[in-house]
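Taking it in order: structure first as structure tokens, then the write-up.
The values are calculated or read from the model by the stated rules, or taken from the named source; none is laboratory data. Fair warning: this is a prediction, and the values are worked out from it, not measured in the lab. For neighbour counting, all protein chains shown are included, and Cβ atoms are generated from backbone atoms with ideal geometry for every residue, glycine included. Accessible surface areas use protein heavy atoms only, side chains included; no ligands, DNA or RNA. Shrake-Rupley method; radii C 1.70, N 1.55, O 1.52, S 1.80 Å.
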Amino acid sequence: MRALERLDRFALQTAEALAVAGDPASYEELLGLMAGDAGDHAVAAALPRAVGTLREQALVWGEDTRLRLVRTARELLAPSPQHPSPTGLGPTVQEASAGMSPGRIQEIVAAAGLPSTHDSVSAVAALTGLFTDRKRMAKLLGGLPEESLDVLRRLMWGPPYGQVTADPAPRLRRLLDLGLLLPTAPGTVVLPREVALHLRGGLAHRATEPVPPVVEAAASYRPQVVDATAAGQAYTALATVEELLKDWDEGGPAVLRAGGLSVRDLKRTAVALDVPEPVAAFWVELAYAAGLLASDGEADERYAATPAYDEWLEQPPAERWARLAQAWLAATRTPGLVGGRDAKERALSALGPGLDRSAASEVRHRVLTLLAGLPEGAAPAAESVLARLRWERPQRREDDLRSRLAQWTLSEAELLGITGRGALSAHGRALLGPAAASVRAAAQEPKQPDEPTGPATGCPCTTTPYRHPTRNPSPPPSRPSPSRPPGGCSRRCCPSRSTMCCSRRT
């Protein structure tokens, strides 16, 4: 259910608590399941937002006195033998005793010290009332031997099911006689939900997480040092892309029959750029995402620079970098997958099919936004970023992919010059635009008076870089534009190769 995948961990825990609560449940009952008998101020403060999120996602309806989880969500989250609940709770007394004989139910009621009833329904209700009454339940458990209490504690946080023999030990026999363990199948018993909640102090979860994990700073540098480092790397990014497309200007490597770049050609590109193969795949995919590289469409199909590459070369360095950065931020293709295998065990190649991941752009935006929430010059601890992302989207089935996307984002942002020494640079904040400013305001960080508001105004090449005493970043050497025949475009990938294609240059 897609709506559940959009919930953060606390909102999901709230939905899980509603799935084990009564139907309908009051807000007070839900608060008791989330905060426990002892209460938790952080949970009480965060619960209204979580309930509001569930309402926005159309997962909860009804007034606060009659909250109802939609049927599909309840079926997915409610505990069952086939699909245990993340809460670790089992079925209620009513659900667990559904297949028991009326005589056996009356025996349990009598053993628990309750008056006999005229039918099974009222007997189950009386037993439920006993198990949900804190004082009477404490008195009942107080009369049990320690060995029997140890059995209950082992099942308390789940799984709630256990195995028994045909002739249970005395410590188990006492629990079965009182209904503290109920049989569900031959040789299998379950701890009723009401008993588990009493042992837990009313908590539906062992650990409730109302507050997201803090993104911690692993190191801190002067903002000028961060900006200078990022600016130097941004110039390197421009030079690397130019060098790549210069080699492929009139027709680069051949396109595989299935699409993409061969392993041999990727190795040659890595040697030419003097970078590892995964980094070479990143630069190739970046040029493709920016529209500077494409297949030429000829019979002997090859990769070549596009007419847009000519336009890109004539732009100022700031605009060239902005185009690369914006293309990377919006791209769904994931160069980090190159060299891996798809679901059918086929190799994934650079520029080939199978590299698109819909979550890629979202994760990149989110990682940079988290970095923008740190003080200027602060480099995050990677594990704290991953923990925050897991809290924000705990239900995602591709959780491992999201973690890898986040790790790739941190390394690719450094290659592209969006970050310097792991910290978000000034032009990296500008790349995010108003989102970064709002994050900084929420974090109550003092704003800079001349903070840029868009990529074009905050690019690394438009500011005077800080001069490191041992390193002086300089722009990449300019290269002359490739020559072309007087009658038309020299690009192999240009469909028409007409004079109009390059008329802007004549």
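Just to verify a number: FRET efficiency for Asp356 and Thr165, C-beta to C-beta distance, R0 = 60 Å, to 0.05?
Values: r = 55 Å, r/R0 = 0.92.
So the FRET efficiency works out to roughly 0.65.
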request  = With a point put 7 Å past each Cα toward its Cβ, work out how far Lys246 is from Arg136 in nm, to one decimal.
outcome  = 8.7 nm
key: Qualifying GluC sites (Glu not before Pro) for the range 247-322 [loop in DSSP, other Cβ within 10 Å: at most 12]   = Glu298
key: Label point 7 Å beyond Cα of Ser384 along Cβ direction - residues of the range 1-33 with amide nitrogen under 12 Å   = none
request  = With a 1.4 Å probe and every protein chain left in place, work out the accessible area per residue of the range 322-378 in Å², rounded to a whole number.
outcome  = 40 Å²
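Restricting attention to the range 332-436, which GluC sites (Glu not before Pro) occupy a DSSP loop and are surrounded by at most 14 other Cβ atoms within 10 Å?
Working: sites: Glu345, Glu362, Glu376, Glu383, Glu392, Glu398, Glu412, Glu414; in loops: Glu345, Glu376, Glu398.
Of the GluC sites (Glu not before Pro), the ones in loops of the range 332-436 whose Cβ has at most 14 other Cβ atoms within 10 Å are Glu345, Glu398.
Which percent of the accessible heavy-atom area of the range 257-369 goes to carbon and sulfur, probe 1.4 angstrom? Intermediate results must be reported in sequence, preceding the final value.
Working: 2520 of 5040 Å².
Summing carbon and sulfur atoms, their accessible area is 50 percent of the total for the range 257-369.
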inquiry  = Going by Cα centres, the range 328-385 and the range 246-277 are how many Å apart?
reply    = 22 Å
ask   = Placing +1 at every Lys and Arg Cβ and -1 at every Asp and Glu Cβ, with all other atoms neutral, what dipole size does the range 208-272 have around its Cα centre, in debye to the nearest 20?
value = 280 debye
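For the ranges 221-229, 10-18, what's the packing order if you count other beta-carbon atoms within 10 Å of each residue, average per peptide, and put the highest first?
Details: 221-229: 20.0, 10-18: 26.3.
Order by mean packing, descending: 10-18, 221-229.
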message = I need the calculated FRET efficiency for the pair Gln94 and Tyr27, taking r as the beta carbon distance and R₀ as 35 Å, to the nearest 0.05.
response = 0.90
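Please report the carbon-and-sulfur percent of the accessible area for the range 51-179; probe 1.4 Å, protein heavy atoms only, DNA, RNA and ligands left out.
55 percent
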request  = Give me the accessible area per residue for the range 177-219, probe 1.4 Å, as a whole number in Å².
outcome  = 37 Å²
ask   = Ordered by packing density, taken as the mean number of other Cβ atoms within 10 Å over each peptide's residues, highest first, how do 178-185, 213-220, 73-80 rank?
value = 178-185, 73-80, 213-220
Given charges at Cβ of Lys, Arg, Asp, Glu: the range 135-266 dipole, positive-most of Pro183, Val241, Val215 = Pro183
ask   = So how far apart, in nm, are the two label points at Glu345 and Arg257 if each is 7 Å from Cα heading toward Cβ?
value = 2.0 nm
